[in-house]
Amino acid sequence: MNKIIAFAGSNSSVSINKQLAVYAANQINDVTVSIIDLNDYTLPLYGFDHEKEHGIPEKAQIFLNLIKESDGIILSLAEHNGAYSTAFKNIFDWMSRIDGKLWSDKPMLLMATSPGGRGGATVLEIAKGRFPYMGGNIVATFSLPNFNDNFSEAGIKDQALQTRLKDAVAVFQQAIK
């Protein structure tokens, strides 16, 4: 059975991006899903001097191993001031010091959501441009605008958005087979 990991590029305990990542992961059949929380991988702020003095933190290697051991990645990025959240950028930077191709060419469903009407579109575009240089195999993307209006415990309320997510999940599921 294929193993996928799902996580949010956020350390918020009430992350809307984690809710979206978990929801998308639960749409996939016949896989083992591991939900990852960035709060379990808190790292010192990346800096060359820190790395030189202390080396690479073990939690960065553990997180990277989760990626490498998976058959696919579902990642929903939080957008902070038009870019990655600090928590995500920090673990991303640490992992890149271990392996510049940290995404290991694993099929990836890359998503973003926000309370606003652009649905994290800016951070999604940044990641779509950057991740392929780092071993990212982005097979599908999805942006959910106006999270609070378009999402509930039952799922995505807007039928057109639900269909777009369903299509993205289908492409991702085909890629991990």
*asked:* Under 9 Å between Cβ atoms, which residue pairs at least 6 apart in sequence (or on different chains) link something in segment 115-126 that is over 12 Å from Thr141 (Cβ atoms) with a partner that is in a helix (DSSP H, G or I) and hydroxyl-bearing (Ser, Thr, Tyr)?
replied: none
*So how many residues does segment 1-41 have that are under 12 Å from the mean Cα position of the chain (by Cα), outside any helix (DSSP H, G or I) and of a type in the set (A, V, I, L, M, F, W, C)?*
7
*Taking interchain pairs and intrachain pairs at least six residues apart, which have beta carbon atoms under 7 angstrom, with the first residue in segment 39-63 and within 24 Å of Val14 (Cβ to Cβ) and the second assigned to a helix (DSSP H, G or I) and charged (D, E, K, R)?*
Tyr41/Lys59; Leu43/Lys59
*Run down Lys101, Lys3, Lys18 and say which single residue is of a type outside the set (A, V, I, L, M), without any contact (Cβ under 8 Å) to a residue 60 or more places away in the chain and surrounded by fewer than 23 Cβ atoms within 10 Å (Cβ to Cβ).*
Lys101
_Given the options Phe131, Phe147, name the one that is out of contact with any Leu (no Cβ under 6 Å at 6 or more places or on another chain), surrounded by 17 or more Cβ atoms within 10 Å (Cβ to Cβ), farther than 19 Å from Val22 by Cβ and not aliphatic (A, V, I, L, M)._
Phe131
_Scan of segment 127-177 for residues that are within 16 Å of the chain's Cα centre (by Cα), in a helix (DSSP H, G or I) and aliphatic (A, V, I, L, M), ordered by number_ = Ala127, Met134, Leu165, Ala168, Val169
*Since Asn26 meets every condition but one in (1) without any contact (Cβ under 8 Å) to a residue 12 or more places away in the chain; (2) of a type in the set (S, T, N, Q); (3) at positive phi, which condition does it not meet?*
(3)
*Quickly run through segment 42-70 and pick out the residues that are within 14 Å of the chain's Cα centre (by Cα) and not in a helix (DSSP H, G or I).*
Ser70
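FYI, it's all coordinate maths here, none of it is from the lab. Bear in mind the structure is a predicted one, so any value in this text is a computation, not a measurement. Cβ atoms come from the backbone with ideal geometry, glycine included; neighbour counts cover every protein chain shown.
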